[in-house]
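The values are calculated or read from the model by the stated rules, or taken from the named source; none is laboratory data. Just so it is clear, the model here is predicted, and its values are computed rather than measured. Cβ atoms come from the backbone with ideal geometry, glycine included; neighbour counts cover every protein chain shown. Keep in mind that these areas ignore ligands, DNA and RNA; they rest on the heavy atoms of the full protein, side chains included. Shrake-Rupley method; radii C 1.70, N 1.55, O 1.52, S 1.80 Å.
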Amino acid sequence: MSEKLKPSAEGRKKLHIQTWGCQMNVYDSQRMVGLLRPLGYEVADNPDEADLVILNTCHIREKAAEKVYSALGRLNKHKKARQQAGNDMCIAVAGCVAQAEGAEIMARAPQVDLVFGPQSYHKLPEMIAKAARQTGDILETEFDVVEKFDVLATPRNIDGYAAFVTIQEGCDKFCTFCVVPYTRGAEVSRPVDQISAEVRSLVMQGVREVTLLGQNVNAYQGAAPSGAPTESFGLGALIRHLAKIDGLERIRFTTSHPRDMDDDLIAAIGEEKKLMPYLHLPVQSGSDKILKAMNRGHRAEDYVRLVEKIRAVRPDLALSGDFIVGFPGEDEQAFEETMALIREVDYASAFSFKYSRRPGTPGASMTKQISETEKSDRLQALQTLLETQKQNFNASCVGKVLPILLESPGRVAGQVNGRSPYLQAVHLEAPENLIGEIVSVRIIEKKSNSLTGLLKSSPSP
Ligand code: 5AD
Ligand code: SF4
């Protein structure tokens, strides 16, 4: 074994993972820990004690890539210190920055030993072995999604009551601002049986809530279980199937595209009580001109009608969205149309960003790019409006009795932290032995980023 992956003094190998970006990256990082555990790796909180450091990166906006390079600079110091002490450190860059800029990372950061994209995680043990045999730097950015799902289907150890499960990966939509179709590849869905086995295993480990993940989760079209009346299941059918699992209490899914919100899924939202009344449905812009330039494939009006249709079957539905300001060609009128759409839809929460030019995407070479100052001004106005809506929504919960999943002990003794159906953080006084249960809580106060509640009832036995 090379110096690089020699176990540290205590005998066990230490792994430190830093994760940026979306929930899919959080999930993938958990999976990498699971894959490396049989090889003798245990998780280290600090990079300076780690034999292997993995940076799981995000490429969606440019700041993320810059953060990776500064993290690599800091890691280089730890690596040198360890080398001086007779240990080494293997540095790996994973995720979408690795996929998009693999060769550049190798050239710009010679301290990096391994670079691999999101479709290569299942090959991690093999890559580590290669690095240990010291066969030089390794760059692995092939697309092998199906195989990845097969290998990564092994259950992991879970430390909470809510877990993510990837059901779909990749994107065929090619929005003109977005790198995902290039870094994550084409849309691929996992078979229903594989997902169901993973969810059952999570429930056996105590999980009560799962969030089904996919870059385009509602484009899900996975192989149906044997004996099913159709060959494949869409997301609606998958949700109904998973809802039959005893012990699983809550289901969520993210992120959806308005174009893939089919009638069966809308029906499932209306009927399936385990599905939480909270939907992340990005629209990006409220201007038809910009939506067209973004290649979103729908108009603002289509989105508003869609929201009405979903609210008609689930009146308690809370909406969340993503917005981009300052896309090329966005004039004052286009921006005002986005503000008008936000006023009309009324969001419970939202993410909003300044447009970031991603190399290789059509948006990057469009004329009429918007100045940074204009982007900043618009983002501020938009976020002020979204924040007001969020605070109003939170205030509207005061006085209501909500089912809260108790997740962890609070900072104050006797207090417990939980989540509402709308993903709000809720703090209340409750015995710690109720953690992991869903209890009825009367919401009594709204704070700026959380709610306070009173325990109304313990769960039925
Ligand atoms: N610039 C700004 N925001 C972007 N997003 C994706 N690509 C870009 C970009 N180039 C945002 C979109 C998407 C979310 C995950 O990130 O709003 O829905
Ligand atoms: Fe990116 Fe558009 Fe695909 Fe979402 S739907 S991942 S924004 S290309």
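Assorted remarks:
- Separation of the GLU301 and THR230 label points, Cα + 7 Å toward Cβ, nm: 2.9
- As a calculated quantity, the FRET efficiency between GLU42 and ALA81 at R0 = 25 Å, using C-beta atoms, amounts to about 0.75.
- Partnerless cysteines, meaning none of the other Cys C-beta atoms lie under 4.7 Å away, in the chain: CYS22, CYS58, CYS90, CYS96, CYS171, CYS397
- Extended-chain gain in nm, criterion 0.36 nm per residue less alpha-carbon gap, THR384 and SER450: 22.0 nm
- Against the empirical curve 2.2 N^0.38 Å, the C-alpha radius of gyration of the stretch 47-100 lands at a ratio of 1.20.
- Diffusion coefficient of the stretch 166-315 by Stokes-Einstein, Kirkwood radius over Cα pairs, 20 °C, 1.002 mPa s: 133 µm²/s.
- Rough spin-label spacing in nm, given labels placed 7 Å along Cα→Cβ, for PHE351 and GLN23: 1.0
- If only the Cβ of Lys and Arg carry +1 and only the Cβ of Asp and Glu carry -1, the dipole of the chain around its Cα centre is close to 720 debye.
- Point-to-point label distance, ASP331-LYS244, nm (Cα→Cβ direction, 7 Å offset): 5.6
- Across the options ALA100, VAL192, THR361, the greatest Cα extent toward the positive end of the charge dipole of the chain (unit charges at beta carbon of Lys, Arg, Asp, Glu) belongs to ALA100.
- Multiplying the residue separation of ARG12 and ASP288 by 0.36 nm and removing their Cα-Cα distance gives an extension gain of 93.6 nm.
- Peptide ranges 165-175, 386-396 listed from the most packed, as the mean C-beta count within 10 angstrom indicates: 165-175, 386-396
- Surface/4 of the Cα convex hull for the stretch 147-397, nm²: 14.3
- Fraction of accessible area attributable to carbon and sulfur, the chain (%, probe 1.4 Å): 52
- Put simply, the stretch 401-457 fits an ellipsoid with semi-axes of 15, 12, 10 Å; these come from the alpha carbon gyration tensor as the roots of five times its eigenvalues, largest first.
- Protection-proxy order for peptides 371-381, 343-353, 314-324, each taking the mean of Cβ atoms within 10 Å per residue, highest first: 314-324, 343-353, 371-381
- Here the stretch 279-315 is scanned for amide nitrogen atoms under 16 Å from the site 7 Å beyond the Cα of ALA425 along Cα-to-Cβ, giving none.
- Taking the average, over residues, of other Cβ atoms within 10 Å as the packing measure, peptides 278-290, 407-419, 87-99 rank 87-99, 278-290, 407-419 from highest down.
- Taking the Cα centre of the stretch 147-397 as reference, the dipole from Cβ charges on Lys and Arg (+1) and Asp and Glu (-1) amounts to some 280 debye.
- Estimated from helices alone, the mean residue ellipticity of the chain at 222 nm is -11000 deg cm²/dmol (sum of -39500 (n - 2.57) over DSSP H runs with n ≥ 4, per residue).
- Computed E for ALA413/ALA129 - FRET, C-beta separation, R0 60 angstrom, nearest 0.05: 0.80
- Histogram of C-alpha separations across the chain, 10 Å bin width, %: 4, 19, 27, 27, 18, 5, 0
- Heavy-atom accessible area per residue - the chain, 1.4 Å, Å²: 43
- The chain, relative contact order in percent, only Cα pairs under 8 angstrom and at least six apart counted: 9
- FRET efficiency for the ALA107 to ALA340 pair, using the beta carbon distance and R₀ = 41 Å, is estimated at 0.30.
- Charge context of VAL426, other residues only, Cβ under 13 angstrom, K/R +1, D/E -1: +3
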